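Engineer: Supplied in C-alpha cells, the structure appears directly below.
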Amino acid sequence: SEYSGETLHGPAYGPTSHSTAAASTPSSSSAFRHVVPSRQIVERQPRMLDFRVEYRDRNVDVVLEDSSTVGDIKHILENELQIPASKMLLKGWKTGDVDDSTVLKTLHLPKNNSLYVLTPDLPPSSSSHSGVLQESLNQNFMLIVTHREVQREYNLNFSGSSTIQEVKRNVYDLTSIPVRHQLWEGWPPSATDDSMTLAVSGLTFPCHRLTVGRRSSPVQTREQSEEQCTDVHMVSDSDGDDFEDATEFGVDDGEMFGVASSALRKSPMMPENAENEGDALLQFTAEFSSRYGDCHPVYFIGSLEAAFQEAFYGKARDRKLLAIYLHHDESVLTNVFCSQMLCAESIVSYLSQNFITWAWDMTKEANRARFLTMCTRHFGSVVAQTIRTQKTDQFPLFLIIMGKRSSNEVLNVIQGNTTVDELMMRLMAAMEIFSAQQQEDIKDEDEREARENVKREQDEAYRISLEADRAKREAQEREMAEQFRLEQIRKEQEEEREAIRLSLEQSLPPEPKEESTESVSKLRIRTPSGEFFERRFLASSKLQVVFDFVASKGYPWEEYKLLGTFPRRDVTQLDPNKSLLEVKLFPQETLFLEAKE
C-alpha cells in the first residue's frame, strides 16, 4: 500500500529489499536457500494470484495470472460492482507507486491478497457500515510500540488505510528485528491477516499499545524442505522477509543484488572540521540529494551569519523565517524524517516560500562542537544547552528562528519523532507568529519611511530655499557691485570732465572789456535747459576758443552741437581754426546748444 504522509516509519528501501511477507514464508525461505547460493535459473510457470477485494459492504474474489495488470483487476471489478474503472482507487498494495499499467508480477505479491476500493468521486452508500469503514480509513491511529528487549517506546502514526504488514516493516526499520522474527503482543483477535488495514483490524482508536520482541529463527520442517523443491519459482515472488534475513545465510545484501557492499555505505553528510561553511553545505546538499532524491528543501549555501543576513536584514516585506535543520546519521529517526518529512512536496513548497533553510550535520563531534559555539554566539547559552542535552535518537532537529530588532528568537525546536501534518502545523504556527511580527515591522518601516520622506522633502525644500536666498543675495551683490562700478566710472568720468573743464577754463584767453579798442564779438548761448550765458570774444579769436568756452561750461563739443539761428547752421561743422569774423559770428550772435544724437 502507499505510505500515508502521516506515517512515521523507518528507511524505505523499496519493494526489492523490504517487500511484504508472503503467506508461505517457510516455503519462500526454503526456496531462497536453495537458489541463491547456486544461482540456479528455473523456468518460471504462470502463477495464479487470488485477490479478495472489499468495497463498502461487498467482497469480490478475483483470480488472475501474475502477468496481468492492475487495470485488468479494475475491468473485472467494473463488471462486478458496476462502477466505472476511472472512478476507482484500488488500495491495499504492499509496495510503492502502482498504476493501471503495473504488471502484477513486478509487485512480488503473495498468492493471497486483500485489496479495497475507494470511490471518492461517487456519492456514499446508504449503508452505515460503508460510511464507518470509509471514516476509519481516513482516521490516524497512534500505535505505542514497546521494544521488549531494550525497554524502549516508539510513538508511531499510521493512517487507517495502512496495513499491519506496513506497521511491521516500519518496526523492522526502527528495531532491526526482521518481520518473521517479530513476536507481538497486543494485536486484536480480529487482526488475523498482515494485509488487513488498520481500519478493519479492530485496533483501539485513537491510541493502541503493542509490544514487540525477537524470537529465534524457526527450524525448517520436512514439509518446508519438500516445498523447497516444488516451489523454486517462488524465489522471484518472495517478499521482503527473505531478503531481511539474507545475512543469516552468509549472503550480503549488496552481493545479493549485484552491488558491492561498500557501495551501500553512506558518505558523510559533511566533512569533519570543515573550514568553509559554504563548501560544507555544498557537500551536504549533494549527499542529501544522493540519499533522498532531488525533491528536498533548498539549503542556503553559506555561513550561518550570511543566512541571518538573507533572512532578517532586508526590507520588512522581504524578510523570512530561518529554519535550521540539524542532521544526525546515528539517529534511528533520520532516514524516516528526511525521506518522509523533509522530502514531502507540501513541506518543500512551504519552506521554499516562507523560510530560508540552513543545515548542519551533528554526527561528527567536531562539527557538533562548532555548531554549539555558533549557537551560543547567536542564540545564547540556554538554547545551546537545550541542543547539547538532546539525545542522539531525538535527532534530527528543526529549529525555527525569527529575527527581532535586538536579538534572534528561537520560536520552536522540532524533534525527529513527528509527522508531516504535525511538522506542517508547527511550521504554520511559527509563520502566524512571524506574520504578526512582520506586519508590525512593515507598519513601523512604512511609518519610518514616511517620516524620512517628509524629512527629505523638508530638507529638499530648505535646500532649495537656501539656494534661492543665496542666488538672490548673489544677484543683489552683483547688482550692487555693478552699480558701484558704474558709479565709480561715472565719478571718474565726471572728475575727468571736470578736470578737462577746469583745464579749458584756465586756458581761455581773458574776456575783453566792453571799452576795448579791438573788434569784439558778443555771443549769447542758450543751453538745452533754457538757460543763457553770454561772453565777449575778440573778433580775431579762433572758433576753437568758443568751443572751449562752451566745453568749460559742461557742454563738450563731442557731445553737443552749437547751432546758429539766421541762417540755421551747425557751427560745430565749421573749421575751428577760423576766426569769429571769418565765420560771421560778429559783432553779435545768438547760438543754442543741442545734444548730438
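The values are calculated or read from the model by the stated rules, or taken from the named source; none is laboratory data. Keep in mind the model is a prediction, meaning the values are calculated, not measured. Heads up, the Cβs are rebuilt from the backbone with ideal geometry, glycines too, and the neighbour counts pull from every protein chain shown. Areas reflect the complete protein model, heavy atoms only, side chains present, ligands, DNA and RNA absent. Shrake-Rupley method; radii C 1.70, N 1.55, O 1.52, S 1.80 Å.
Here's the yes/no breakdown for (1) touching a residue at least 40 places away in the same chain (Cβ under 8 Å); (2) within 16 Å of K94 (Cβ to Cβ); (3) open to solvent by less than 40 Å² (accessible area, probe 1.4 Å); (4) part of a strand (DSSP E or B):
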site: I177; (1), (2), (3), (4): no, no, yes, no
site: L183; (1), (2), (3), (4): no, no, no, yes
site: P188; (1), (2), (3), (4): no, no, yes, no
site: D194; (1), (2), (3), (4): yes, yes, no, no
site: H208; (1), (2), (3), (4): yes, no, yes, yes
site: G213; (1), (2), (3), (4): yes, no, yes, yes
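Engineer: Take the residues in segment 418-444 that are of a type in the set (S, T, N, Q) and assigned to a helix (DSSP H, G or I); name whichever of them is most open to solvent (accessible area, probe 1.4 Å). If you could, list the steps in order and put the result at the bottom.
Structural biologist: To start, the set of residues in segment 418-444 that are of a type in the set (S, T, N, Q) comprises 418-419, 435, 437-439.
Remaining after also requiring assigned to a helix (DSSP H, G or I): 435, 437-439.
Details: S435: 41, Q437: 35, Q438: 29, Q439: 113 Å².
Restricting to residues being of a type in the set (S, T, N, Q) and assigned to a helix (DSSP H, G or I), the top hit is Q439.
Engineer: F533 fails exactly one of the following numbered conditions: (1) part of a strand (DSSP E or B); (2) open to solvent by 60 Å² or more (accessible area, probe 1.4 Å). What is the number of that condition?
Structural biologist: Checking F533 against (1) part of a strand (DSSP E or B); (2) open to solvent by 60 Å² or more (accessible area, probe 1.4 Å), the one that fails is (2).
Engineer: Would you check if I489 is open to solvent by less than 80 Å² (accessible area, probe 1.4 Å), in the same structural domain as Y555 (by the TED database), over 60 Å from the mean Cα position of the chain (by Cα) and on the phi < 0 side of the Ramachandran plot? It would help to see each step written out before you state the result.
Structural biologist: Numbers: open to solvent by less than 80 Å² (accessible area, probe 1.4 Å): yes; in the same structural domain as Y555 (by the TED database): no; over 60 Å from the mean Cα position of the chain (by Cα): yes; on the phi < 0 side of the Ramachandran plot: yes.
Criteria not met by I489.
Engineer: Give the residues of segment 517-545 that are touching a residue at least 12 places away in the same chain (Cβ under 8 Å) and either β-branched (V, I, T) or farther than 15 Å from L581 by Cα (or both), sorted by residue number.
Structural biologist: Step one: filter segment 517-545 for residues touching a residue at least 12 places away in the same chain (Cβ under 8 Å), giving 518-528, 533-545.
Correct list: V520, R524, I525, R526, T527, P528, F533, E534, R535, V545.
Engineer: Something else about it: Keeping to segment 292-337, report how many residues are buried (at least 18 other Cβ atoms within 10 Å of the Cβ), out of contact with any Ser or Thr (no Cβ under 8 Å at 6 or more places or on another chain) and farther than 26 Å from N408 by Cα.
Structural biologist: Looking only at that region, the number is 5.
Engineer: Still on this structure, I have one more. Are any of the residues in segment 419-442 touching a His at 6+ places or on another chain (Cβ under 9 Å) and in the same structural domain as E365 (by the TED database)?
Structural biologist: Among the residues of segment 419-442, not one is touching a His at 6+ places or on another chain (Cβ under 9 Å) and in the same structural domain as E365 (by the TED database), which makes the answer no.
Engineer: Tell me yes or no: at least one residue of segment 309-323 is assigned by the TED database to the domain that holds L423, more than 18 Å from M431 (Cβ to Cβ) and part of a helix (DSSP H, G or I).
Structural biologist: Taking every residue of segment 309-323 in turn, at least one turns out to be assigned by the TED database to the domain that holds L423, more than 18 Å from M431 (Cβ to Cβ) and part of a helix (DSSP H, G or I).
Engineer: Kindly check whether there is at least one residue in segment 507-522 that is among the basic types (K, R) and in a strand (DSSP E or B).
Structural biologist: So the first thing to find is which residues in segment 507-522 are among the basic types (K, R), and the list is 513, 522.
This time we only want the ones that are in a strand (DSSP E or B), so: 522.
Looking for residues that are among the basic types (K, R) and in a strand (DSSP E or B), one finds at least one in segment 507-522, hence yes.
Engineer: List every residue pair whose Cβ atoms sit under 9 Å apart, with the two residues 6 or more apart in sequence or on different chains, where the first one lies in segment 374-387 and is under 21 Å from E277 (Cβ atoms) and in a helix (DSSP H, G or I) and the second, anywhere, is open to solvent by 60 Å² or more (accessible area, probe 1.4 Å) and among the acidic types (D, E).
Structural biologist: Listed by first residue and then by second, the contacts come to M374/E305; H378/E305; F379/E409.
Engineer: In segment 518-528, which residues are of a type in the set (S, T, N, Q) and under 15 Å from F586 (Cα atoms)? Quick ask: steps written out before the conclusion?
Structural biologist: Taking segment 518-528 first, the residues of a type in the set (S, T, N, Q) are 519, 521, 527.
Within segment 518-528, S519, S521 qualify.
Engineer: Any idea which residue in segment 546-597 is surrounded by the most Cβ atoms within 10 Å (Cβ to Cβ), counting only those that are farther than 29 Å from E496 by Cβ and touching a residue at least 60 places away in the same chain (Cβ under 8 Å)?
Structural biologist: Filtering first and then ranking leaves L585.
Engineer: Okay, moving on. Only one of R497, R478 is in contact (Cβ under 8 Å) with a residue 40 or more places away in the chain, charged (D, E, K, R) and not assigned by the TED database to the domain that holds P587; which? Quick ask: steps written out before the conclusion?
Structural biologist: On the way: R478 fails: in contact (Cβ under 8 Å) with a residue 40 or more places away in the chain.
Among R497, R478, only R497 is in contact (Cβ under 8 Å) with a residue 40 or more places away in the chain, charged (D, E, K, R) and not assigned by the TED database to the domain that holds P587.
Engineer: Of everything in segment 449-486, what is of a type outside the set (D, E), open to solvent by 100 Å² or more (accessible area, probe 1.4 Å) and under 30 Å from Y313 (Cα atoms)? Give them in sequence order.
Structural biologist: R451, K455, R456, Q458
Engineer: Taking segment 508-530, which residues are open to solvent by less than 80 Å² (accessible area, probe 1.4 Å) and modelled with pLDDT under 90?
Structural biologist: Matches in segment 508-530: S516 only.
For (1) of a type in the set (D, E, K, R); (2) open to solvent by 50 Å² or more (accessible area, probe 1.4 Å), each residue gets a yes or a no:
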site	(1), (2)
N367	no, no
F371	no, no
H378	no, no
T386	no, yes
L399	no, no
M402	no, no
E409	yes, yes
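Engineer: Kindly indicate whether R370 is modelled with pLDDT of 85 or more and either aromatic (F, W, Y) or within 23 Å of A274 (Cα to Cα) (or both). I'd like the intermediate steps shown before the answer.
Structural biologist: Numbers: modelled with pLDDT of 85 or more: yes; either aromatic (F, W, Y) or within 23 Å of A274 (Cα to Cα) (or both): yes.
The answer is yes for R370.
Engineer: Of all residues in segment 53-67, which are more than 20 Å from S161 (Cβ to Cβ) and surrounded by fewer than 18 Cβ atoms within 10 Å (Cβ to Cβ)?
Structural biologist: Just the residues of segment 53-67 that are more than 20 Å from S161 (Cβ to Cβ), to begin with: 61, 63-67.
Once the filter is applied, which keeps residues that are more than 20 Å from S161 (Cβ to Cβ) and surrounded by fewer than 18 Cβ atoms within 10 Å (Cβ to Cβ), segment 53-67 yields D61, V63, L64, E65, S67.
Engineer: Kindly indicate whether any position in segment 116-133 is of a type in the set (D, E, K, R), farther than 22 Å from F51 by Cα and either modelled with pLDDT of 70 or more or not in a strand (DSSP E or B) (or both).
Structural biologist: At the first step, the residues of segment 116-133 found to be of a type in the set (D, E, K, R) are 121.
Narrowing the set further to residues that are farther than 22 Å from F51 by Cα leaves 121.
With the extra rule that they be either modelled with pLDDT of 70 or more or not in a strand (DSSP E or B) (or both), the set shrinks to 121.
Yes, because at least one residue in segment 116-133 is of a type in the set (D, E, K, R), farther than 22 Å from F51 by Cα and either modelled with pLDDT of 70 or more or not in a strand (DSSP E or B) (or both).
Engineer: How many residues, within segment 57-80, are under 48 Å from the mean Cα position of the chain (by Cα) and among the acidic types (D, E)?
Structural biologist: Final tally of qualifying residues: 1.
Engineer: Could you grab me the full set of residues in segment 71-119 that are touching a residue at least 40 places away in the same chain (Cβ under 8 Å) and among the acidic types (D, E)?
Structural biologist: D97
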